[in-house]
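Bear in mind these aren't lab numbers, they're just calculated from the coordinates by the rules spelled out. Computed from a predicted structure; not experimentally measured. Because the Cβ atoms are built from the backbone with ideal geometry, glycine has one as well, and the counts that use them run over all protein chains shown.
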Amino acid sequence: MRRCFWTTSALSVFLMAVPVLSQEKGVAPPTASFGGIIPMMLIMFAIIYFLMIRPEQKKSKDRKAMMEGLKKGDKIITIGGIMGTVHSVKDTSVVVRVADNTNVEFTKAAIATILKDEKTADKAVKNDEVKEIKDTKETKEKK
């Protein structure tokens, strides 16, 4: 056991010393150059830009265009799930008619989507109902 320990430690010392002993006198050890690092950094930045930054900028631009295009009579869904029709548009807020003689004022940031036609609105309502039914079934099963 002792012989194995000395052999292993002697071998590890030798392997660590080989690079130092193999260098010529007066020659500086090799260092990392920026020629290899800079292209790698540029490639990584390009990947991050096209996978993360650019899609977020596009989403933000589309959302801003949606908010600027909001007009009276548009059917909308808020982030809270309330569906209604735009009654009037102000600078930073929107008055939404959710039922007869029931108007609610929301900030423009609270609008999730603008429904283009009746089919889209029906589909959104149907998806919410299906999700609600699934949620109720899951809670009943847990009890």
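Things to note:
- Summarising the label geometry, the points placed 7 Å from Cα in the beta-carbon direction at Asp100 and Tyr49 lie 5.8 nm from one another.
- Ascending count of other beta-carbon atoms within 10 Å, so fewest first, for Leu115, Leu70, Leu51: Leu51, Leu70, Leu115
- Förster-model FRET efficiency, 22 Å R0, Ser60 and Ile82, C-beta, rounded to 0.05: 0.40
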